[in-house]
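Chemist: Sharing a structure with you now.
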Amino acid sequence: MNDQTPTTSRRSGGRAARRALRAAPLSAEKRAVSPGMQGGQLRVLSDIDIANIHEAALTALEDIGLADAPDTGVEILTGAGAILGDDGRIRFPRALVEDMLSVACKDVTLHGRKSENDLHLNGARVHFGTAGAAVHLVDVNGRDYRESTVQDLFDAARIADRLDNLHFLQRPMVCRDILDNYEMDLNTIYACSRGTTKHIGVSFTEPDYVAGALDMLHMIAGSEEAWRARPFVSNSNCFVVPPMKFATEACRVMEECIAGGMPVLLLSAGMAGATAPSTVAGAIVQAVAECLAGVVYVNAIKPGHPAIFGTWPLGLDLRTGAMSVGSGEQALLTSGCAQMHKFYGIPGGAAAGASDSKLPDMQAGWEQMCSSVMAGLSGLNMVYEAAGMHASLLGFCHESLILGDDLIGQALRCVRGIEVNEETLALDVMRKTCLGTDGTDGVGHYLGSQQTLGRMESDYVYPNLGDRTSPKEWLENEKPDLIVNATAKKEAILAEPSIAQFDPILDQAIRERFNIHLPQ
């Protein structure tokens with residue numbers, strides 16, 4: 001017995017060491033998936049479909065045009081060649097649209113505060129992140145909703161900063177505990193920037209608020225010059241109010257952001273059947289037309305300014321009038337828009353990965369995965385609202401944000417696709433396994449082959465919280481619960497200091513300049 005004890009210990013210790021090694025986080029170069037993987041394998045629109053949508057969008061801009069441009073916008077657009085009609089609508093000649101497309105930025109870099117978090121948007125490179133303006137936080141333990149706060153936003157930023165498959169943080173919820181809109185906008189920037197070094201997206205309520213926000217961003221960056229060299233915050237701008245009207249104040253915000261060197265997301269979010277045509281094709285046509293108007297607007301101000309083509313049509317349940325962001329129609333809307341972005345050669349973004357379910361349950365799972373996979377395979381550059389969004393964008397959930405990291409990892413593995421080459425065809429491995437080598441018989445399985453062991457990390461994506469144990473192991477592990485484990489991971493992340501926290505001197509300077517609601 002004593003002679004056997006060391007052998008048993010060595011075996012169990014070696015097994016434990018191997019399990020620990022497999023459980024350890026992988027370095028970026030070893031991970032099977034990464035930001036900016038090339039999608040585009042899925043084509044829900046034919047070339048003829050794309051040409052017809054493009055033609056219809058140009059016709060809409062030329063014949064219908066857009067109403068309600070601010071006075072500054074009228075001057076900018078008519079100065080570029082748009083036509084102001086007697087009805088107050090601005091119409092866009094085809095030649096003007098084509099000219100502005102030719103000078104639009106085709107290769108956008110969205111910077112992070114750390115360069116390793118930079119996002120390079122071109123072609124069919126895919127990135128997943130958050131977005132939205134949820135007004136509630138989902139309480140999974142109480143199965144309830146409450147109003148979201150600046151602390152909740154800060155916590156979401158800290159969590160997203162630690163999730164490998166979340167590549168950017170666009171503000172996912174509103175700070176309902178800050179009643180002054182100016183202070184809310186500034187505290188949104190503060191909370192997000194203090195929580196993550198990934199790229200951040202925010203909105204501004206009024207054009208006059210942009211100057212103060214830029215002052216804060218210059219402080220965080222170190223100077224105005226440093227900010228302009230690497231702007232790590234972009235403006236999510238709903239510059240239109242569908243159907244086919246400019247949002248007057250948002251357009252003025254956009255003008256201020258462009259002057260301040262901030263990238264913009266040109267966001268058109270019509271609801272199919274309500275503020276956009278009910279057909280999938282028609283909703284895409286309107287979104288494309290509105291965003292093309294935005295391209296003209298931006299490039300008339302500053303040719304080549306970084307702007308994301310944010311066709312963001314949303315689904316609608318026509319039985320009830322409720323938004324249906326988790327529907328198959330939503331997945332098709334987003335995938336079709338991704339193809340239009342590629343047609344124009346302009347980096348684009350749209351919504352995918354959100355759910356109509358109120359909690360992170362089975363409904364949420366199927367809804368989130370359906371649109372996430374289709375968006376990724378379509379080559380959507382920026383997949384917004386990809387994790388944490390529930391109740392048709394009214395609720396945000398920290399636990400769902402964490403679970404979304406696992407889900408997006410699997411979606412990204414689909415985006416990566418199947419690599420076919422001499423090594424992956426594996427004929428030599430099959431021969432050795434089945435026939436053996438050097439007079440030895442084949443072992444009859446691939447579990448210990450050099451190829452299997454060598455590629456188990458680089459070829460496969462393993463869930464952090466998803467449970468793949470057998471029923472016996474599940475029972476032995478005391479029946480682990482997905483939501484309970486997500487809550488435990490959330491608490492572990494939030495128990496540690498924020499990696500993105502500011503230098504104390506900088507933080508104090510910001511607090512002296514602005515009314516910051518988060519505690520130090």
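Chemist: Scanning for something open to solvent by 40 Å² or more (accessible area, probe 1.4 Å), part of a loop (DSSP other than H, G, I, E, B), aliphatic (A, V, I, L, M) and in contact (Cβ under 8 Å) with a residue 40 or more places away in the chain, does the stretch 393-400 turn up at least one residue? Show your work before the answer.
Modeler: Looking only at the stretch 393-400, we keep the residues that are open to solvent by 40 Å² or more (accessible area, probe 1.4 Å), and these are 394.
Filter once more, so that each one left must be part of a loop (DSSP other than H, G, I, E, B): 394.
Checking the rest, the ones that are also aliphatic (A, V, I, L, M) come to 394.
Checking the rest, the ones that are also in contact (Cβ under 8 Å) with a residue 40 or more places away in the chain come to 394.
Yes, the stretch 393-400 has at least one match.
Chemist: Taking SER498, is it under 27 Å from ALA354 (Cα atoms) and out of contact with any Asp or Glu (no Cβ under 6 Å at 6 or more places or on another chain)? Please lay out each step first, then the result.
Modeler: Numbers: under 27 Å from ALA354 (Cα atoms): yes; out of contact with any Asp or Glu (no Cβ under 6 Å at 6 or more places or on another chain): yes.
Here the answer is yes, as SER498 does meet what is asked.
Chemist: Which number in (1) in contact (Cβ under 8 Å) with a residue 60 or more places away in the chain; (2) within 16 Å of GLU249 (Cα to Cα) marks the one condition that VAL202 misses?
Modeler: Only one criterion is unmet by VAL202, namely (1).
Chemist: Something else about it: What tally of residues in the stretch 193-216 results from selecting those that are open to solvent by less than 10 Å² (accessible area, probe 1.4 Å), over 25 Å from PHE128 (Cα atoms) and among the aliphatic types (A, V, I, L, M)?
Modeler: Count: 3.
Chemist: Run down GLY73, GLY65, GLY81 and say which single residue is surrounded by fewer than 16 Cβ atoms within 10 Å (Cβ to Cβ) and either touching a strand residue (DSSP E or B) at 6+ places or on another chain (Cβ under 9 Å) or of a type in the set (Gly, Ala, Ser) (or both).
Modeler: Values: GLY73 fails: surrounded by fewer than 16 Cβ atoms within 10 Å (Cβ to Cβ); GLY65 fails: surrounded by fewer than 16 Cβ atoms within 10 Å (Cβ to Cβ).
None of the others qualify; the one that does is GLY81.
Chemist: While we're looking at this one, here's another question. How many residues does the stretch 365-387 hold that are under 19 Å from VAL138 (Cβ atoms), of a type in the set (A, V, I, L, M, F, W, C) and surrounded by 24 or more Cβ atoms within 10 Å (Cβ to Cβ)?
Modeler: 2
Chemist: Sticking with this structure for a sec: Which of the residues belonging to the stretch 114-141 are farther than 26 Å from CYS238 by Cα and either modelled with pLDDT under 95 or open to solvent by 50 Å² or more (accessible area, probe 1.4 Å) (or both)?
Modeler: Taking the stretch 114-141 first, the residues farther than 26 Å from CYS238 by Cα are 114-116, 139-141.
Answer for the stretch 114-141, where residues must be farther than 26 Å from CYS238 by Cα and either modelled with pLDDT under 95 or open to solvent by 50 Å² or more (accessible area, probe 1.4 Å) (or both): LYS114, SER115, GLU116, ASP139, ASN141.
Chemist: Return yes or no: is VAL44 under 19 Å from the mean Cα position of the chain (by Cα) and farther than 16 Å from ARG91 by Cα?
Modeler: Numbers: under 19 Å from the mean Cα position of the chain (by Cα): no; farther than 16 Å from ARG91 by Cα: yes.
The answer is no for VAL44.
Chemist: Scan VAL126, VAL140, VAL150 and give me the residue that is in contact with a helix residue (DSSP H, G or I) (Cβ under 9 Å, 6 or more places away or on another chain), closer than 23 Å to VAL383 by Cβ and among the hydrophobic types (A, V, I, L, M, F, W, C).
Modeler: Numbers: VAL140 fails: closer than 23 Å to VAL383 by Cβ; VAL150 fails: closer than 23 Å to VAL383 by Cβ.
Answer to the check: VAL126.
Chemist: Here's a follow-up. If I go through the stretch 262-289 residue by residue, how many of them are without any contact (Cβ under 8 Å) to a residue 40 or more places away in the chain and outside any helix (DSSP H, G or I)?
Modeler: Start the filter on the stretch 262-289 by keeping residues that are without any contact (Cβ under 8 Å) to a residue 40 or more places away in the chain, which leaves 275-277, 279, 282.
Of the ones still in play, those that are also outside any helix (DSSP H, G or I) are 275-277, 279.
Going through the stretch 262-289 one residue at a time, the tally reaches 4.
Chemist: Now, a different point. With the checklist (1) touching a strand residue (DSSP E or B) at 6+ places or on another chain (Cβ under 8 Å); (2) under 19 Å from ILE50 (Cβ atoms); (3) assigned to a helix (DSSP H, G or I) in hand, flag the one item LEU292 doesn't pass.
Modeler: The single condition LEU292 does not satisfy is (1).
Chemist: Determine whether the stretch 151-170 contains at least one residue that is of a type in the set (D, E, K, R), modelled with pLDDT of 95 or more and under 30 Å from ASP71 (Cα atoms). Before the answer, list the steps.
Modeler: The first filter runs over the stretch 151-170 and keeps only residues of a type in the set (D, E, K, R), leaving 152, 155, 158, 161-162, 164.
Still in the list and also modelled with pLDDT of 95 or more: 152, 155, 158, 161-162, 164.
Then drop every residue that is not under 30 Å from ASP71 (Cα atoms), which leaves none.
No, the conditions are met nowhere in the stretch 151-170.
Chemist: Also, quick follow-up: Which ones in the stretch 402-459 are of a type in the set (S, T, N, Q) and not in a helix (DSSP H, G or I)? Before the answer, list the steps.
Modeler: Applying the first criterion (of a type in the set (S, T, N, Q)) to the stretch 402-459 yields 410, 421, 424, 433, 437, 440, 449-452, 458.
Residues satisfying the conditions are ASN421, THR437, THR440, SER449, SER458.
Chemist: Among the residues of the stretch 317-345, which ones are crowded, with 19+ Cβ neighbours inside 10 Å and farther than 19 Å from VAL44 by Cβ?
Modeler: Listed by number, the list holds a single entry, MET323.
Chemist: Name the pairs whose Cβ atoms lie under 7 Å apart, with the first residue in the stretch 299-328 and in a loop (DSSP other than H, G, I, E, B), the second acidic (Asp, Glu), and 6 or more positions between them or separate chains?
Modeler: GLY315/GLU329; SER324/ASP317; SER324/ASP356; VAL325/ASP356; GLY326/ASP356; GLY326/GLU367
Chemist: Would you check if there is a residue in the stretch 341-360 being basic (Lys, Arg) and within 27 Å of ALA82 (Cα to Cα)?
Modeler: So far as the stretch 341-360 goes, yes, one or more of its residues are basic (Lys, Arg) and within 27 Å of ALA82 (Cα to Cα).
Chemist: Being at pLDDT below 95, within 30 Å of ILE483 (Cα to Cα) and either open to solvent by 10 Å² or more (accessible area, probe 1.4 Å) or in contact with a helix residue (DSSP H, G or I) (Cβ under 7 Å, 6 or more places away or on another chain) (or both), is that true of even one residue in the stretch 298-316?
Modeler: Going residue by residue through the stretch 298-316, those that are at pLDDT below 95 are 315-316.
Next cut, within 30 Å of ILE483 (Cα to Cα) only: 315-316.
If we keep only those that are either open to solvent by 10 Å² or more (accessible area, probe 1.4 Å) or in contact with a helix residue (DSSP H, G or I) (Cβ under 7 Å, 6 or more places away or on another chain) (or both) as well, we get 315-316.
Yes, because at least one residue in the stretch 298-316 is at pLDDT below 95, within 30 Å of ILE483 (Cα to Cα) and either open to solvent by 10 Å² or more (accessible area, probe 1.4 Å) or in contact with a helix residue (DSSP H, G or I) (Cβ under 7 Å, 6 or more places away or on another chain) (or both).
Chemist: Next question, about the same structure. I'd like the full set of residues that are in contact with a helix residue (DSSP H, G or I) (Cβ under 8 Å, 6 or more places away or on another chain) and open to solvent by 50 Å² or more (accessible area, probe 1.4 Å), limited to the stretch 84-93.
Modeler: Pass one, the stretch 84-93, residues in contact with a helix residue (DSSP H, G or I) (Cβ under 8 Å, 6 or more places away or on another chain): 84, 90-93.
Correct list: LEU84, ARG91.
The values are calculated or read from the model by the stated rules, or taken from the named source; none is laboratory data. A quick note: this is a predicted structure, and the numbers were derived from the prediction, not measured. Counting neighbours? That spans all protein chains shown, and the Cβs are built from the backbone with ideal geometry, glycine included. When the accessible area is computed, the model is the full protein with side chains, heavy atoms only, and any ligands, DNA or RNA have been set aside. Shrake-Rupley method; radii C 1.70, N 1.55, O 1.52, S 1.80 Å.
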